[in-house]
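Notes follow once the structure below has been shown.
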Amino acid sequence: MERFYESARYPYNCVSVYIDFKFDMSPKPATQAMSTDESPKASKPHTSLRISSRHVALLYALNEFRNMRRAADAMHTTQPAASLLLQQLEERLGVKLFERLSRGMEPTAYGEVMIRYAQSVLHDFEHAEAEIAELAKGAAGLVRVGTVMGPVPTLLTRALAAFKQANQRVRLSIEVGTSDTLLPALLRGDLDVVLGRLPDQFNEQDLNIEPFEKGEQMRVIARPDHPLAGCDKLRLATLVNATWILHPLGSPMRRRVEGALQEARLTADLDIVETASILATTAMIEASDMISVVPNDVAQHYAKYGMVTILPVALPLSMANLGIVTRKSRTPSPAVQILLRYLKEDDHPDR
């Protein structure tokens, strides 16, 4: 944050950069309702707007501080000047963007829309700066990949190895997490591509997903000398007294696993440790009788090296196919386009 406001002095004290926007000003259903003093007719479904970098920075600062004076201070300008900027923007749009309250300023539904676009613009500029810095160092680009753990041991590793062999000067950044945290990062512009799945009831029209052909199976794992490791077959009910290591609440995998356990009527008394870290998971499994649910490729990878064993228990679990997720509104860089080809070729080896 501080870096942005520090670097923001230049457009404010020198030249304002103007940006032409054409976007949907309709507020999303999840946001707050329109103020009673605003007419629905004031909102235009598709608005073309020319705003300056000063307006973008003001929206960003007001969202962070919810106070005009503090926002003005962050922008290195005066409060009257900041208030005038907001007034100009609201007049051009014909809607109120912020409610002036005694405790501060709160964005309206329309303000939330504009804040989202301002954040996107600023993230794009920040990452453009990072990519230019990489090019200046002699790199041929920067590709930022987010992924859930399932594809890491197989598809992702193969695709990245082949990609790097042919594109040695492209810098790769890999973030492993859960879909519910990776997809917002993709929408913010922090990632270029995500290997994951859309969470239930996740409705984001800017995302494009190309599902992988193969589905993803889940396995229950434990340490190799776990008391249940030698059993030929287990029922889920046998594991009710175990400590389960599961993904955090909100992740698609956690919801599916809990659904399977609820179907077996096991969730009420479960002892649960939450983490998305496979390192933490394997370390706790190694040191205890805890068990965990992980994708099959991950289970097979660690079982191959004798770190875990796969317990013979069937999970009534239906997972939506993983896929390659990108943003429709953003054109991938040449380096990202090349990586996408490698990922798709690995998923379709016969094509």
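Read the figures in this text as sums done on the coordinates, not as results from a lab. Since we're looking at a predicted model, the values are computed, not measured. Cβ atoms come from the backbone with ideal geometry, glycine included; neighbour counts cover every protein chain shown.
Residues His226, His76, His123, arranged from fewest to most other Cβ atoms within 10 angstrom of their Cβ, appear as His76, His123, His226. Using the Cβ-Cβ distance between Ser329 and Asp232 with R0 set to 56 Å, the FRET efficiency works out to roughly 0.60. Farthest toward the positive end of the dipole of region 270-351, out of Ser277, Val313, Thr326, is the Cα of Thr326, where the dipole comes from beta carbon charges about the Cα centre. Distances between placed amide hydrogens fall under 5 Å for Val170 paired with Ala140, all partners being 5 or more residues away or on another chain. Multiplying the residue separation of Asp269 and Arg158 by 0.36 nm and removing their Cα-Cα distance gives an extension gain of 35.9 nm. Overall, region 218-310 carries a charge dipole of about 280 debye about its Cα centre when +1 sits on the Cβ of Lys and Arg and -1 on the Cβ of Asp and Glu, all other atoms neutral. For region 111-211, the Cβ-based charge dipole about the Cα centre amounts to some 560 debye (Lys, Arg positive; Asp, Glu negative; other atoms uncharged). Rounded to the nearest 20, the size of the Cβ-charge dipole of region 232-279 about its Cα centre is 180 debye, with Lys and Arg at +1 and Asp and Glu at -1. Listed by Cβ neighbour count within 10 Å, with the fewest neighbours leading, Tyr305, Tyr342 appear as Tyr305, Tyr342.
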